[in-house]
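Worksheet: one structure, shown below.
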Amino acid sequence: MDEKKLIQACIKEDKSAQKALYDLFSAKMYFVCLRYARHEAEAQDILQDAFIKVFDKLDSFRFNGSFEGWVRRIMVNTALNYCRKSTYKYENIGIEDYQDKVVNSKAISRLSEQELLGIIQQLPDGYRMVFNLYIIEGYSHKEIAEMLSISENTSRSQLAKARKWMQNVLEKLKTSNNV
Amino acid sequence: MSDQFNEFDQVFRDKLREHAVSPPNSVWEEVSAKRNYGHIVANRITKYWRTLGTLLLLLLAGGSSALLIGGDEEKVAIESTKEDANTQNELSIINQQYNFKEITSTENNNLSTSINTRKENQLITDVNYESNTSNQIENRVPDAELMASMEAAAFSRPDLQDNPLLNIYISHLDGWESAKPVSFVRYEEMDKSDSKGFFKLKKEAKPLRAGEVEYEYAFPTVDKKPFKERASLYIAFTPQSIGKSMTPEYNVSTEYLRQRAKSETPRMAYTLTANLHYELKNHKFIETGINYTQIYEEMHFEGEKRFSNQYDFLEVPLLLGYEARNSKWGWQIKAGLGLQVFNNYKGYILKVVDDETAPVASPQPDEPLYRMRKSDAIVNIVTNNHELSKNQERHTVANLENKDENPFKTAGVINVHLAAGVTYYHSIRTTFVLTPHYSRSVNSITKGDAGFQERIGYMGVSFGGRFNF
C-alpha cells in the first residue's frame, strides 16, 4: 500500500492502516522525541500524544509536501508544548568559565548516536530546545524565536551557550577516554 | 572558528536527524486505547464545530422566525383607559401570562388596567361589583376567570352570556359586536409599550356616586407590530374618466389644439393598482407599488370616427395617508405623488401644423356614425388594433408609435394623487376599500420640443381590497 492509500485508510479509521502508519514512522519519530525530552518516559508521552494528533488531524494533510515532514512537525510542536507545560527555563548557568575550545568534528563523529543523544539530553532544557531546532531541524533563529516565544537574541545566545556547553562535555569525554 | 562550528553542527545533523529507535509497544497500545470511539466523535465535533454551530443557528433562526411569523402569539396587556373625567383611579396589572390557542410558550405580557366609572348598569346588572363605597382596594390581582374568559373570547364570538362584563369590554374596545382576535388589539394602542415587568395593582379608590358602577376591562397592547402585521397588499381597480388640458407654446396655434380636443374623445380609462400598504404610527400609513393605467380614446377626423388610440402608463406612486375606524367601518384619506416610469402610445393624433394648414377635425355628429360598443372595445383591445382606416389621410396625423412623430414623453411624468373613502374590515386579513380618487399630471406629458403642453386629469372610484400577509 502506498503512502497516500495508507493515509486515506487511516482517515477512514482503519485500525490496521493506522498501525502500519505508526510502524512506518514511530522509530524515527521516537528518536525526535528523545532529543527533545529529558528522559525516555517523557519521550514516550510526547510520541503518544503526537501520534494521536497525527491521526486526529490526518484529513487536514493536503498531500502537497512530505508526509514525514508533516508528522515530524507535529512531533516537534508537541515536544515544544511539553516543554512549555513542564516549565522549562532558558538557562543561564555558569558557563562563562568554559573554554572556547572547539572539539574536532572527527572526534565527535566517532561517537555513536546514543552517545550524542545522551549528551543532548544532558543539555539544560532551554539549550536543548534551541540546539535541536537550529542544528538538527534546521529552523532559523527567527522561526525559533516565534516557536518558543523568545527573542531572536535569546535564541542566538542559547545556541551559543549550548554549543559551549557541549564542547566542554565532549572535551571532558575525550579526556576521560584518553585516560 | 565558524567553519569548525559548522562541521560540529553537521556531524550532529547527519548522525541524529535520520536516526531511529523503536519505541516500546506500550506506546501504540496507549495511542490505540486513547483513540476510541468517543474520542473520534469528539474530535469530529470539534473539527466541524463551525459548520454544526452555523446549522444550529440557522435552525434556531428558522424556528424563531416561524414562531414570530406564525402570528398566533399576541402580547397582551391590560391597559387603563379613562373615559370618565371623574375617575382618577388607576391600577396596573403587569406581567400576566397567557396561553393562547395551542401555543405552548407563554409570554410575559405587560399589563395594566384601570378602574373606570361608567353608567353601564343596564349592561352589567348581574355583575356584583363593589360600588358606592369608599373602601380602599389594594393589591388586587386580575380575576383568573376573567382572564380565562378573555382568552376564550379571543378566538370565538364574545356572546358570553355567562360573562356580560367581558362583552362590555369588547364592545367598548372597538365597537364591534364580534370579537375575533384582532378585536383585542386596540388600534390606538398598537405602538405603545409598557416594559414594566412585574405584577402590580394599585388603586386609590374614590367613593362612587349613586348609580355608578366601576368595572375594569382589558385589552391588549402590542409593543410594536412586526412588519408582517403592519404590511398588507392593496389591490384596486379604478375606472376613470379623464380630461386633457392643452396649452400652446410659441409657434403652435390654439386652433390646432382646439381641433385636437375636438378629434379625441376618451372612451375608457382604468387603473390597476398593486401597492404595499404599510402602517405607521398614529393611524398613518404609506403606500407604494405600481399603477398600471390604460386609456382608450376615439379619434374622429376627416368624416370618419374610429376608436383607435391606446395609452399605457406604468407609475410608481408614493402616498401618505391617515386611516381611522371605530368599528368595522372606517375611513381613510391619502395623498402623494407618482412617477410614470414607462409610457407607451399606440394610434394617431392630429399632426402639429401652423394655422393655415391645420387639419379640421370632423365635428361630433349629433347621431354618431360610429358608436363604440363594448364588443368593439374588447375586440380592439384584444386585437390591439390602432390602425387608420383606408379613407384617412396619413399625412395629417402623427403616428404615436413613431418616436419622431410622437410628441409625448415615454417616462418622467409626475402625477399628484388624492383619495379619500371608506374602509370595511371584513376580517383580520381582509379590508375592503372604496375611495374616490383624483389624480393629475403635474408636469406636461409632452416632450420639450412638442410645441404645446398637455396634462391629464383622472377622476375615478377605486374598488380595492387590502390583504394582510
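The values are calculated or read from the model by the stated rules, or taken from the named source; none is laboratory data. Source: prediction; values computed, not measured. When we count neighbours, we look across all protein chains shown, and the Cβ atoms used for this are built from the backbone with ideal geometry, even at glycine.
Does any residue in region B:339-359 that is in the same structural domain as B:P248 (by TED's automatic domain parsing) come within less than 7 Å, Cβ to Cβ, of a residue that is modelled with pLDDT under 70 and outside any loop (DSSP other than H, G, I, E, B) six or more places away or on a different chain, and which pairs are these? That search, which allows pairs on different chains as well, returns B:L350/B:F301; B:L350/B:A361; B:P359/B:F301.
Return the only residue of B:Y438, B:Y425 being within 13 Å of B:T238 (Cα to Cα) and touching a strand residue (DSSP E or B) at 6+ places or on another chain (Cβ under 6 Å).
Numbers: B:Y425 fails: within 13 Å of B:T238 (Cα to Cα).
After ruling out the rest, the residue left standing is B:Y438.
In region B:436-451, is there at least one residue being β-branched (V, I, T) and surrounded by fewer than 14 Cβ atoms within 10 Å (Cβ to Cβ)? Steps first, answer last, please.
Let us first name the residues in region B:436-451 that are β-branched (V, I, T), namely B:442, B:445-446.
Right, trim to surrounded by fewer than 14 Cβ atoms within 10 Å (Cβ to Cβ) and you get B:442.
Checked against the condition, which is being β-branched (V, I, T) and surrounded by fewer than 14 Cβ atoms within 10 Å (Cβ to Cβ), region B:436-451 yields at least one hit.
Looking at region B:426-469, which of the residues that are aromatic (F, W, Y) and outside any loop (DSSP other than H, G, I, E, B) is nearest to B:S327 (Cα to Cα)? Per the criteria, the residue is B:F432. Scanning region A:154-169 turns up no residue that is at pLDDT 80 or above, touching an Asp or Glu at 6+ places or on another chain (Cβ under 7 Å) and away from chain B (no Cβ under 14 Å). Counting the residues of region B:1-31 that are under 23 Å from A:I11 (Cα atoms) and more than 7 Å from chain A (Cβ to nearest Cβ) gives 3. Mind checking which residues of region B:225-264 are more than 20 Å from B:I445 (Cβ to Cβ) and without any contact (Cβ under 8 Å) to a residue 60 or more places away in the chain? If the condition is that a residue be more than 20 Å from B:I445 (Cβ to Cβ) and without any contact (Cβ under 8 Å) to a residue 60 or more places away in the chain, then B:K225, B:F227, B:R230 are the ones that fit.
The set of residues in region A:26-47 that are assigned to a helix (DSSP H, G or I) and crowded, with 21+ Cβ neighbours inside 10 Å comprises A:S26, A:M29, A:Y30, A:F31, A:V32, A:C33, A:L34, A:R35, A:Y36, A:A43, A:I46, A:L47. Hey, any hits in region B:282-296 for a residue that's modelled with pLDDT of 70 or more, assigned to a helix (DSSP H, G or I) and basic (K, R)? Within region B:282-296, not a single residue is modelled with pLDDT of 70 or more, assigned to a helix (DSSP H, G or I) and basic (K, R).
Listed by first and then second residue, the pairs linking a residue in region A:12-38 that is facing another protein chain (nearest Cβ under 7 Å) and in contact (Cβ under 8 Å) with a residue 40 or more places away in the chain to a residue that is in a helix (DSSP H, G or I) and charged (D, E, K, R), with Cβ atoms under 7 Å apart and 6 or more places separating them unless they lie on different chains, are A:L34/A:E40. For region A:56-84, the tally of residues that are at the interface with chain B (Cβ under 10 Å from one of its Cβ atoms) and part of a loop (DSSP other than H, G, I, E, B) stands at 1.
Yes or no: B:Q310 touching a Leu at 6+ places or on another chain (Cβ under 8 Å), assigned to a strand (DSSP E or B) and under 24 Å from B:R260 (Cα atoms)? If you could, list the steps in order and put the result at the bottom.
Numbers: touching a Leu at 6+ places or on another chain (Cβ under 8 Å): no; assigned to a strand (DSSP E or B): yes; under 24 Å from B:R260 (Cα atoms): yes.
For B:Q310, the condition - touching a Leu at 6+ places or on another chain (Cβ under 8 Å), assigned to a strand (DSSP E or B) and under 24 Å from B:R260 (Cα atoms) - is not met.
Being more than 14 Å from chain B (Cβ to nearest Cβ) and modelled with pLDDT of 55 or more is a property that does not hold for A:S112. May I ask you to verify whether B:R267 is without any contact (Cβ under 8 Å) to a residue 12 or more places away in the chain, out of contact with any Leu (no Cβ under 7 Å at 6 or more places or on another chain) and not polar (S, T, N, Q)? Spelling it out, it is not the case that B:R267 is without any contact (Cβ under 8 Å) to a residue 12 or more places away in the chain, out of contact with any Leu (no Cβ under 7 Å at 6 or more places or on another chain) and not polar (S, T, N, Q). Checking each residue in region A:8-24 for being of a type outside the set (S, T, N, Q), within 17 Å of B:E30 (Cβ to Cβ) and crowded, with 19+ Cβ neighbours inside 10 Å picks out A:L21, A:Y22. Taking region A:39-55 as the range and being under 25 Å from A:A162 (Cα atoms) and facing chain B (nearest Cβ under 7 Å) as the test, the residues that pass are A:Q44, A:L47.
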